[in-house]
């Protein structure tokens, strides 16, 4: 395995690609009790249409998430979640628009648990009965999401921003769309997306990287499959399809997300664009920004206010949001602030401080094994190494961030999704 | 990794935990008070008001700028309830010198800023700024009112509120809406000054700096702390039995798509000499995690719910079973939850189930040592309980818990109240359980 040292952050990263195409990364951590492993596929809710063996396959919304739920069933009748738990591990999985991750954390019997993880994720086993039963369970999950203002506000925003990209649709699908899933659909999607060449394994803990390599070799299929090609439809234009969407739900104060879509960079610009996006948003709306301080003092924003740059399934979305009695006023203030930054540029001293703060935040992020492993996994699929971030940060300039804000948060690029309170008389 | 305790000033204790594992160090400060309806909201509000500005860094922007300079040091207000002790203060995390350019050490300036936040707030005429108090009070009110937004935690909150209606515990960590609404900057300043003089203070540090340096930095930072007669009589009253002979039943209707069933238990006589390891293992076997009776039977086998899990509060002596169900599954889900408890009471616990519960608890405790935030919470609770066991020692005890221990706890449990959040807007009152 290849190793690379990161003396600035006190880490060493071991990497390899197995003959079957699996990308493997290991971060050894001496002195820690916990082990963490994530086995991920470059497949999420947005990968609905794809080309497999020369034919185009269309799948209903919600398959990736459904598949994630069903992967835990083993042909022996056992459930992998229970087997891992019984072994003292804390396993789980999640599906986003662009990725499905299976992971566990444990303190004992790591190798056994790792073998089990690799085994169950590469062993498809579905029957008509188990699929039908799962339709009930996931149907409940979907209905629970219907009560959740956080889910509604997010998808309403994506609906405003994107004309047709499948990330518009809920990862879990709808009760109707998942009713169309059969065991055949699941086998097809597993075959297409769960081949080692479309997956990665990332491990952190007090381990020997060569051991991990050997275990992955032993447990996974040997052949190297051609990864499927996802079809997200024609490219999206820069402008949103709608500007404002309001909906009423049982919340105590209006919640809002302001968003804009950006064109994701490719090649060796990928990581840089993400760092620029985060730093630019921190300068614009972080807790030490004049914008946040002013609106907080005016009572227009509270401490929940946050921002993020989210890169998923070939899309890039900037989101700023929280709770406010006057979301539209926040939007107007934001537009004014972006215009001011465009005209005046960013304060250099404040920019240097923001970089310091960003370095501190990255060091803090390295404390979490799940954060490290999942960002490494996402980086492997998107073509960068998450551990390079701390070093690259130093070279980002204030002008780059100003230009980024000017271009991507111009007034015509913005949309706002609002959830207003309905009368929630407690009975 | 050995914890050491030092009294820095009267009633001010430091728990010092050396560790070279982390990239950041953590420092926390908690003011300890007896949870009560009259003062809970004021206590909860104080760190948020203090976090708005100090005499030197007068507003959020100036404070945040200072924190950015200190390499993104994070100082967050924290309000907790451990049993009936309310802990309010700050949790600070800052990068270790080893990873900063030129090996700069920010411990001293960080400790000093923490001291300033606590002791030298922005004031006018010696009073906390009305603008800060008013706006933070409104935000706290929003949070208190916002409890209803998240239905799963709302149902838990309501179950505790009804179950402990005669105890201070019902107040919740943030206090009540009416008491919060009544907060005024003069009254709050007076209360704040009294707290500084009387309440016990717990400090926690975990990181690479030698103990001497930490003690010296904190002592210097806390020089202006006025100490009067320390209120060391604070504690938690543990009720062993249910309030009434039959479990009470409370039903509430809101516009929701999924019903929430919460069943509240008293841990009962086992709380006379609480055996933490056995309590944790019992909880794991009954309802925490994916090998528990509730998960395996109520959720997986019978598909009666989307989730069903149990939560333990060892400080107050409570156990709550929380589940999300279809409205018409109420009776079936409730019956099955009680059936699973009954099974445990009769010793229906396989070797595998016990082993899974033990190793789950032990694993959680061991992995806790890899997170400063969790270590801080663990040792704060321990400082309040006065028990001296490390997470690794407790993990070992958990691995030796027997089936008899688990059965004994199952038999000690007493159901006190059943709460159901159902759909609709109709007025529903309290009724007796059938």
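The values are calculated or read from the model by the stated rules, or taken from the named source; none is laboratory data. All of these numbers come straight from a predicted model, not from anything done at the bench. Cβ placement follows ideal geometry from the backbone for every residue including glycine, while neighbour counts extend to all protein chains displayed.
Numbers below:
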{"quantity": "Residue list for the range A:328-379, restricted to those being farther than 30 Å from residue A:37 by Cβ and within 11 Å of chain B (Cβ to nearest Cβ)", "calculated": "A:347, A:349, A:350, A:351, A:352, A:353, A:354, A:355, A:356, A:357"}
{"quantity": "Test: residue in the range B:354-366 that is assigned to a helix (DSSP H, G or I), farther than 29 Å from residue A:105 by Cα and under 27 Å from the mean Cα position of the chain (by Cα)", "calculated": "no"}
{"quantity": "Condition check for residue B:100: modelled with pLDDT of 95 or more and within 30 Å of residue B:59 (Cβ to Cβ)", "calculated": "no"}
{"quantity": "Subset of the range A:380-414 [assigned to a loop (DSSP other than H, G, I, E, B), surrounded by 17 or more Cβ atoms within 10 Å (Cβ to Cβ) and within 14 Å of chain B (Cβ to nearest Cβ)]", "calculated": "none"}
{"quantity": "Residue that is more than 9 Å from every other protein chain (Cβ to nearest Cβ), touching a residue at least 60 places away in the same chain (Cβ under 8 Å) and out of contact with any helix residue (DSSP H, G or I) (no Cβ under 7 Å at 6 or more places or on another chain), where the choices are A:56, A:41", "calculated": "A:56"}
{"quantity": "Boolean, residue B:218 is part of a helix (DSSP H, G or I), in contact with a helix residue (DSSP H, G or I) (Cβ under 9 Å, 6 or more places away or on another chain) and within 27 Å of residue B:2 (Cβ to Cβ)", "calculated": "yes"}
{"quantity": "In the range A:48-65, residue surrounded by the fewest Cβ atoms within 10 Å (Cβ to Cβ) [restricted to those that are assigned to a strand (DSSP E or B) and more than 24 Å from the chain's Cα centre (by Cα)]", "calculated": "A:55"}
{"quantity": "Verdict on residue B:173 being assigned by TED's automatic domain parsing to the domain that holds residue B:33, under 25 Å from residue B:252 (Cα atoms), in contact with a strand residue (DSSP E or B) (Cβ under 7 Å, 6 or more places away or on another chain) and not in a loop (DSSP other than H, G, I, E, B)", "calculated": "no"}
{"quantity": "Of all residues in the range B:292-306 being in contact (Cβ under 8 Å) with a residue 24 or more places away in the chain and surrounded by fewer than 19 Cβ atoms within 10 Å (Cβ to Cβ), the one that is farthest from residue B:34 (Cα to Cα)", "calculated": "B:302"}
{"quantity": "Selected residue [without any contact (Cβ under 8 Å) to a residue 40 or more places away in the chain, part of a helix (DSSP H, G or I) and within 14 Å of chain B (Cβ to nearest Cβ)] from A:68, A:134, A:112", "calculated": "A:112"}
{"quantity": "Failed criterion for residue B:225 (all others in (1) more than 14 Å from chain A (Cβ to nearest Cβ); (2) over 25 Å from residue B:40 (Cα atoms); (3) at pLDDT 95 or above hold)", "calculated": "(2)"}
{"quantity": "Any chance residue A:263 is farther than 30 Å from residue A:29 by Cβ, surrounded by fewer than 22 Cβ atoms within 10 Å (Cβ to Cβ) and not assigned by TED's automatic domain parsing to the domain that holds residue A:48", "calculated": "yes"}
{"quantity": "Given (1) surrounded by 21 or more Cβ atoms within 10 Å (Cβ to Cβ); (2) in contact with a helix residue (DSSP H, G or I) (Cβ under 8 Å, 6 or more places away or on another chain), number of the condition residue A:179 does not satisfy", "calculated": "(1)"}
{"quantity": "Subset of the range A:310-327 [in a loop (DSSP other than H, G, I, E, B), within 14 Å of chain B (Cβ to nearest Cβ) and crowded, with 18+ Cβ neighbours inside 10 Å]", "calculated": "A:324"}
{"quantity": "Count of residues meeting criterion [assigned to a helix (DSSP H, G or I) and over 12 Å from the mean Cα position of the chain (by Cα)] in the range B:374-387", "calculated": "6"}
{"quantity": "Members of the range A:1-29 found to be more than 9 Å from chain B (Cβ to nearest Cβ), part of a loop (DSSP other than H, G, I, E, B) and surrounded by fewer than 16 Cβ atoms within 10 Å (Cβ to Cβ), listed by number", "calculated": "A:1, A:19"}
{"quantity": "Unique residue being more than 14 Å from chain B (Cβ to nearest Cβ) and in a loop (DSSP other than H, G, I, E, B) when the list is A:253, A:280, A:265, A:260", "calculated": "A:265"}
{"quantity": "So residue B:259, is it touching a strand residue (DSSP E or B) at 6+ places or on another chain (Cβ under 6 Å) and on the phi > 0 side of the Ramachandran plot", "calculated": "no"}
{"quantity": "All helices (runs of 4 or more DSSP H) inside the range B:102-164 with 1 or more residues being over 20 Å from residue B:222 (Cα atoms)", "calculated": "B:130-145, B:151-163"}
{"quantity": "Failed criterion for residue A:422 (all others in (1) farther than 16 Å from residue A:307 by Cα; (2) surrounded by 21 or more Cβ atoms within 10 Å (Cβ to Cβ); (3) touching a strand residue (DSSP E or B) at 6+ places or on another chain (Cβ under 6 Å) hold)", "calculated": "(2)"}
{"quantity": "Exclusive hit being modelled with pLDDT under 95 and outside any loop (DSSP other than H, G, I, E, B), set B:63, B:27", "calculated": "B:63"}
{"quantity": "Boolean, residue B:57 is part of a helix (DSSP H, G or I) and within 14 Å of chain A (Cβ to nearest Cβ)", "calculated": "no"}
{"quantity": "Sole residue being part of a helix (DSSP H, G or I), within 23 Å of the chain's Cα centre (by Cα), within 14 Å of chain B (Cβ to nearest Cβ) and within 29 Å of residue A:322 (Cα to Cα), chosen from A:142, A:167", "calculated": "A:142"}
{"quantity": "Filter result for the condition that a residue is part of a loop (DSSP other than H, G, I, E, B), touching a residue at least 60 places away in the same chain (Cβ under 8 Å), out of contact with any strand residue (DSSP E or B) (no Cβ under 6 Å at 6 or more places or on another chain) and outside the structural domain of residue A:327 (by TED's automatic domain parsing), over A:210, A:226, A:236", "calculated": "A:236"}
{"quantity": "Top-ranked residue of the range B:262-279 - restricted to ones that are in contact with a strand residue (DSSP E or B) (Cβ under 8 Å, 6 or more places away or on another chain) and assigned to a helix (DSSP H, G or I), ranked as nearest to residue B:311 (Cα to Cα)", "calculated": "B:279"}
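Table: residues versus (1) within 19 Å of residue A:364 (Cβ to Cβ); (2) within 14 Å of another protein chain (Cβ to nearest Cβ); (3) in contact with a strand residue (DSSP E or B) (Cβ under 7 Å, 6 or more places away or on another chain).
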| residue | (1), (2), (3) |
| --- | --- |
| B:11 | no, no, yes |
| B:16 | no, no, yes |
| B:26 | yes, yes, yes |
| B:31 | no, no, yes |
| B:37 | no, no, no |
| B:40 | no, no, yes |
| B:43 | no, no, yes |
| B:50 | no, yes, yes |
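Quick grid of which residues meet (1) at pLDDT below 95; (2) within 7 Å of chain A (Cβ to nearest Cβ); (3) surrounded by 23 or more Cβ atoms within 10 Å (Cβ to Cβ):
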{"residue": "B:352", "(1), (2), (3)": "yes, yes, no"}
{"residue": "B:357", "(1), (2), (3)": "yes, no, yes"}
{"residue": "B:360", "(1), (2), (3)": "yes, yes, yes"}
{"residue": "B:364", "(1), (2), (3)": "yes, no, no"}
{"residue": "B:367", "(1), (2), (3)": "yes, yes, no"}
{"residue": "B:375", "(1), (2), (3)": "no, no, yes"}
{"residue": "B:386", "(1), (2), (3)": "yes, no, no"}
{"residue": "B:389", "(1), (2), (3)": "yes, no, no"}
{"residue": "B:394", "(1), (2), (3)": "no, no, no"}
